[in-house]
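Notes follow the structure.
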Amino acid sequence: MQETNIVDITPFLAKHQLPLKYQYLSEHYFIPLAEDIISAKGSTQAMLVAINGCQGSGKTTLADFLVTWINTNTELNCMSLSVDDFYHSRAVRAKLADDIHPLFSSRGVPGTHDTALMQQTIKDLLAGKVDVSVPEFNKQTDDPAPREQWHKNTKPIDIIIFEGWCVASKAQQPYQLEQPINELEEKHDQDGIWRRCVNSCLANEYQGVFNLIDYTIMLKAPSFKAVYGWRLEQEQKLLANKGVGHGTFDETSLVRFISHFERITRENLKVMPEQVNALLTLDKARDIVSMSLKADSVPMPLIFTDLDGTLLNHEDYDCEAITPFLARLTEAAIPVVFNTSKTFAEVIQLQRSLNHQQPFITENGSAVYIPKNYFTLKPIGCEELEGYWRYALAPSNKSFHADLIEYASDLSASFKLFSELSCQEVATLTGLNEAQSKLALTREYSDPIYWQGTELQRGEFIKKMTAVGYEVLAGGRFIHLNKQTHKGKAQNWLLNQYKNNHRRPFTTIALGDSHNDMAMLDAADIAILISNPHSKAKAKLAHKPWLVSERPAPLGWIDEIADLQIIKTHLAPTKEQSHG
């Protein structure tokens, strides 16, 4: 469960003259859509999100909602652009009408926008530039607003919402242009010059802009017939706010105006639903009846990994070999969660050295740590600690030490607690340096046991502690005792947090090298055992098959992860955006 952010959208409803049902729409569709966009971003690079929809479908309102929600609920800086704000002036369109075809005097279709300005503006914003002048078009005057009125961004933009009726549209094949589709084309474009020119523009300079798009949303109307009523309502709002002008329409002229858009709109309704990242289907009343996210059907890999002997070489803990591959996984938005017996202090230092900022699980499932801004919502039951949300699954060491005294004091000469070892002893036993050993001693929920007695005494000790509710696991060097939790339980709790924050399904992958990792491996969809010649207690899964690496850590880890088909799919080269 999550501690939800309650957002008052009453001012937003008033701004856009919207009914209260929009609150329902925001909760059921628009907030999950915003979260899917954020999930798809996945890197530090700026992102261009397109909203396509026929006239009057609600593109501008949705864009404003997404900007408002993202800026309110995340640290990302989001802004919206409209393709309408890049229209040529009346004078330029009049020249196009004289030089090419009279129908180019009406704004709207490809060929009536300043695509060079559009492309440069978007590229500058995606490149992180500030003080970028963003055009504004005045539909009442049918001309661009004076340049001094154009908006400028004061800080770098993380997400651009780019909306427009033809945004992300594709050109038709030449044979599709032969027959007119409405009265406008029959009477005023008999030879097809206008529609062929529009199609050529869409196939060329507009694709230079649309190829920058990272994520596409479509607001799908039930049919083109619904467009007139929706666009009429939009026009009536404009007239009520600003009055009659060069760019406004009465009901008769509006029918002719909409006819300019019919060909491309009909094509979009036919082909685009299969191509977009998010499809919002509308009914005749413009209510959303369903939303389909591509991510909902594409499982996302979620990796949980032990560290010593699994991700890191068991002898020297060298990070050099694994760092580049972890960076590739991060860039592909594939989470890699450390699920380890190490302490909070140890993992923090390791993640810094790897430039790896992800949730992690410490002390054999005793506690889960999530960076505060990692999820949109704070998980219930967490406390804040040094920039993390911490969820504790195990009691503190104080309880464990009391149980040892009560139930195993007669065997105390046969073992030493990890906390009783000196930094030098820890360094000798583990191969850690003195500074690392000091961090390893900062344990809060678990205290591994270094056994020094006989095997008979060891069996007696395990029997005593098992009888009072402890799970005893043998790791690579130490005996670990868990109560109320283990790596698998903590892993499942964190998996639920991912599910709460993302609509898409997950395929969990777990990697370990010893008996101590069994619960983690058993809880995963894909279990991988990393060969470790130093491990004295190898994992044996009773309930599922597992993969075994040929090489030890870290190369064995890289081999097995890189060979998984789900990883290959997500790491497959994608188009490189020209984001500056």
Exercise. Can you tell me how many residues in the range 310-363 are exposed (fewer than 14 other Cβ atoms within 10 Å of the Cβ) and among the hydrophobic types (A, V, I, L, M, F, W, C)?
Worked result: 1
For this session: Only strands (runs of 3 or more DSSP E) wholly contained in the range 477-567 count here; list those with 3 or more residues that are at pLDDT 90 or above.
Result: 506-512, 526-529
Exercise. Of all residues in the range 393-416, which are of a type outside the set (S, T, N, Q), under 17 Å from Thr343 (Cβ atoms) and surrounded by fewer than 17 Cβ atoms within 10 Å (Cβ to Cβ)?
Worked result: Pro395, Lys398, His401
Exercise. So, in the range 417-444, of the ones that are out of contact with any Leu (no Cβ under 8 Å at 6 or more places or on another chain) and surrounded by 18 or more Cβ atoms within 10 Å (Cβ to Cβ), which residue ends up nearest to Tyr317 (Cα to Cα)?
Worked result: Leu432
Exercise. Hey, any hits in the range 333-343 for a residue that's more than 18 Å from Ala490 (Cα to Cα) and more than 24 Å from the chain's Cα centre (by Cα)?
Worked result: no
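Conditions tested, residue by residue: (1) within 25 Å of Asp214 (Cβ to Cβ); (2) modelled with pLDDT of 95 or more.
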| site | (1), (2) |
| --- | --- |
| Gly111 | no, yes |
| Ala116 | yes, yes |
| Ala127 | yes, yes |
| Asp131 | yes, yes |
| Pro135 | yes, yes |
| Asn138 | no, no |
| Thr141 | no, no |
| Trp150 | yes, yes |
Exercise. Failed condition for His401, given (1) closer than 16 Å to Val468 by Cβ; (2) assigned by TED's automatic domain parsing to the domain that holds Ala345, with all others met?
Worked result: (2)
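Each row is one residue, and each column tells you yes or no for (1) modelled with pLDDT under 90; (2) more than 29 Å from Tyr498 (Cα to Cα); (3) not assigned by TED's automatic domain parsing to the domain that holds Tyr445.
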{"position": "Lys372", "(1), (2), (3)": "no, no, yes"}
{"position": "Phe375", "(1), (2), (3)": "yes, no, yes"}
{"position": "Leu385", "(1), (2), (3)": "no, no, yes"}
{"position": "Ser412", "(1), (2), (3)": "no, yes, no"}
For this session: May I ask you to say which residue of Lys59, Lys95, Lys21 is modelled with pLDDT under 90 and of a type outside the set (A, V, I, L, M, F, W, C)?
Result: Lys21
Exercise. Inside the range 73-90, can you point out the residues that are in a strand (DSSP E or B) and without any contact (Cβ under 8 Å) to a residue 60 or more places away in the chain?
Worked result: Tyr87
For this session: Out of the residues in the range 364-374 that are surrounded by fewer than 20 Cβ atoms within 10 Å (Cβ to Cβ) and of a type outside the set (D, E, K, R), state the one that is farthest from Ala490 (Cα to Cα).
Result: Asn373
For this session: Could you check, for the range 440-460, whether at least one of its residues is within 17 Å of Ala345 (Cα to Cα) and not in a loop (DSSP other than H, G, I, E, B)?
Result: yes
Exercise. Has the range 280-289 got at least one residue that is out of contact with any Pro (no Cβ under 9 Å at 6 or more places or on another chain), without any contact (Cβ under 8 Å) to a residue 40 or more places away in the chain and part of a helix (DSSP H, G or I)?
Worked result: no
For this session: Please enumerate the residues belonging to the range 362-373 that are in a strand (DSSP E or B) and closer than 18 Å to Gln436 by Cα.
Result: Thr362
Problem set entry | Among the residues listed as Ile51, Ile70, the single one being in contact with a strand residue (DSSP E or B) (Cβ under 7 Å, 6 or more places away or on another chain), surrounded by 19 or more Cβ atoms within 10 Å (Cβ to Cβ), in a strand (DSSP E or B) and not aromatic (Phe, Trp, Tyr) | Ile51
Problem set entry | Long-range neighbours under 6 Å by Cβ, at least six apart or interchain, first residue within 15 Å of Leu126 (Cβ to Cβ) within the range 24-52, second part of a helix (DSSP H, G or I) and β-branched (Val, Ile, Thr) | Val49/Ile37
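The values are calculated or read from the model by the stated rules, or taken from the named source; none is laboratory data. Note that the coordinates shown come from a computational prediction; the quantities given were computed from them, not determined experimentally. Neighbour counts run over all protein chains shown; Cβ positions are idealised from the backbone, glycine included.
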